[in-house]
Amino acid sequence: MALVPIFLKSTTLTIPNSFNQLNTIFLSILIEAIPFVLIGVLIAGFIQIFITEDHIRACIPKNKFLAVLMSCVVGAAFPACECGIVPIVRRLIGKGVPLYAGVGFLLTGPLINPIVILSTYMAFGNDMEMAMLRMGVGFVAALAIALLVSLLFRSNQLKKTKGSHHSHSHTHKKQPLMLRISDMFKHSIDEFFHMSKYLIIGAFVAAFLQTYISTESLLLFGDNQMQTTLVMMGLAFVLSLCSEADAFIGASFRNVFPTTSILAFLVYGPMIDLKNTIMLLSVFKARFVFVLFVLITTVVFIFVSLSSLL
């Protein structure tokens, strides 16, 4: 579909400008996300082959709070997009990482890693206030969401797949290093083709909504802080921007919306957006994804609203 406008330059067929716009947005989302997905699946392949369940058990604290805290801290130091983080978390949970620790990593990785904080600092005119607010509110919100997940779910909530029953059956310790590296790339390739089809679907839906639902129509719904905060969260969900670039879009709304609403845009989008939701649905049970969506929406709204009191 992306290549259709290139080949259909017939004088008898007029392609609507809206379709060209949809095509451009769709390709830009894919080009923006695929490098991070590639990095993510390579790390997932490494975890599958080189990291054993014993390694995981040795690293994860028994205490739930400490496990969540550690996962959020590690995520905060890990530069990953919300698309690339999904295969990594899937593989970690499949290896025995508790669901709540996986969620902490899932939420903080794309939100408050060093690259995101630097881009936020630059987007807002070298002002550290918004970058620090994003980091602080995002970290506390991710911590709260992961702890709530630990109370609500006991199992790992992963979908059963054809290859899931093989995930623990391979023993790579005695194999030569080059063979293990080869197996790592094979797993990464399988993971890439599994995740990419959902990324493509999500990118197309996000591009379609961006093309045919105007931003101005969303702005009509906001005339107080609570409403504008919800509008900006909805906008972040629909736009499905990469977290390394969303600060520059958020900064463009400074003359339209209050700081609290822009902060909601910056915190909510990296945690959950349209393309990311479709990818999560491919990995986790639908009920878990729905509950996670509600938790993220509620907790982010509450914490961002409270930040206005600081």
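Side notes on the structure shown:
- Note on the chain: with a GNM built from Cα contacts shorter than 10 Å, the maximum mean-square fluctuation among 295, 241, 263 falls on 295.
- With helices as the sole contributors, the chain gives -23500 deg cm²/dmol at 222 nm; each DSSP H run of n ≥ 4 counts as -39500 (n - 2.57), and the sum is divided by every residue.
- Long-range amide H partners of residue 284 with built H, under 5 Å: 159
- Rolling a 1.4 angstrom probe over the chain with all protein chains present gives an accessible area of which 70% lies on carbon and sulfur atoms.
- Take each peptide in 38-44, 224-230, 60-66, count the other Cβ atoms within 10 Å of every residue, and average; sorted highest first, the result is 38-44, 224-230, 60-66.
- 119, 305, reordered so the largest accessible area comes first (probe 1.4 Å): 305, 119
- Between residue 58 and residue 175, the modelled label-to-label distance comes to 2.1 nm, taking each label 7 Å out from Cα in the direction of the beta carbon.
- Mean Kyte hydropathy of 1.0 or more with a Cα span along the axis of at least 27 Å, helices from DSSP in the chain: 17-50, 128-152, 286-307
- FRET E, pair residue 74, residue 212, Förster distance 41 Å, beta-carbon r, rounded to 0.05: 0.55
- The 1.4 Å probe gives accessible areas that order 59, 242, largest first, as 59, 242.
- The accessible area of residue 278, taken with all protein chains in place and a 1.4 Å probe, comes to roughly 30 Å².
- Over 25 Å (Cα to Cα) - which of 62/275; 159/186; 64/197; 62/197; 197/285 fall in this group: 62/275; 64/197; 62/197
- For Cα Rg over 2.2 N^0.38 Å, computed directly from the structure shown, the correct entry in [x] 1.19; [y] 0.97; [z] 1.04 is [z].
The values are calculated or read from the model by the stated rules, or taken from the named source; none is laboratory data. What you see is a predicted model; the values in this text were computed from it and never measured. Cβ: placed from backbone, ideal geometry, glycine included. Neighbour counts: every protein chain shown. Just the protein is used for accessible areas: all its heavy atoms, side chains included, with ligands, DNA and RNA removed. Shrake-Rupley method; radii C 1.70, N 1.55, O 1.52, S 1.80 Å.
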